[in-house]
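Inspection log for the structure reproduced underneath, given as structure tokens.
No lab work stands behind these numbers, since they all come straight from the coordinates. Everything quoted here is computed from the prediction, not taken from an experiment. So basically every Cβ, Gly included, is an ideal-geometry build from the backbone, and we count neighbours across all protein chains shown.
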Ligand SMILES: [Zn+2]
């Protein structure tokens, strides 16, 4: 989880299997936990630069994603992670908008701009590829909440993870 993942190469033969695993794992986690919108390959033990996102407005793979631009404007979001067992939530700053280049699940090279909820999600998942967890981005250590408290006081639809 703390390591830097490697670029995906076109000749990676196990890639297809990893992609299927990512989709199945996220679907199952969403069913069990009732939240979560994305997953990164290192979370299932594969140190490759590959992310899968499955949420309203976006459902695709991001292969070798790279943030090529980010807005100066930031916003604060409550975030958590399956790799932290979704046991607690932390409040972190994220860029309001990011532009990302990646190869999608069909092998097409794309450049997409994400904003707000999708922007913070993409930043969270791409952090995993560099071994960074949302807890590393906490500015104020008092801004942590156990899941129960977060559900009661802070939960807003579709945020984090
Ligand atoms: Zn995560």
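For residue 47 and residue 87, FRET efficiency with R0 = 22 Å and r from the beta-carbon atoms, rounded to 0.05? Intermediate values should be presented prior to the final figure.
Working: r = 24 Å, r/R0 = 1.10.
Step by step, r from the Cβ atoms, then E = 0.35.
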Report summary line: residue 139 and residue 153 label points (each 7 Å along its Cα→Cβ direction) are spaced in nm at 1.9
Query raised in the report: residue 14 to residue 75: FRET efficiency via 1/(1 + (r/R0)^6), r the Cβ-Cβ distance, R0 35 Å, to the nearest 0.05?
Result: 0.40
Report summary line: Computed over the chain: longest principal axis from alpha-carbon atoms vs helix 116-128 long axis, angle to nearest 10 degrees, is 70
Report task. Would you mind calculating the gained length between residue 33 and residue 67 on full extension (0.36 nm times residue separation, minus the Cα-Cα distance), in nm to one decimal? Result -> 9.4 nm
**Report entry** Label-point separation in nm, residue 25 to residue 132, each point 7 Å along Cα→Cβ
**Finding:** 2.1
Query raised in the report: Hey, what angle do you get for helix 15-33 against the long axis of the chain, alpha-carbon based, 0 to 90 degrees rounded to 10?
Result: 20
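Which shape class, rounded, prolate or oblate, goes with the stretch 15-153 when its Cα gyration tensor gives a ≥ b ≥ c as root eigenvalues, a/c under 1.5 marks rounded, and past that a/b bigger than b/c marks prolate? Intermediate results must be reported in sequence, preceding the final value.
Details: a/c = 1.86, a/b = 1.25, b/c = 1.48.
Oblate is the answer for the stretch 15-153, as a/c is 1.5 or above yet b/c matches or exceeds a/b.
Tell me, in nm to one decimal, what length is gained between residue 111 and residue 56 on full extension, where the rule is 0.36 nm per residue of separation less the Cα-Cα distance? Intermediate values should be presented prior to the final figure.
Numbers: separation 55, 0.36 × 55 = 19.80 nm, distance 1.90 nm.
Stretched out fully, the residue 111 to residue 56 stretch lengthens by 17.9 nm.
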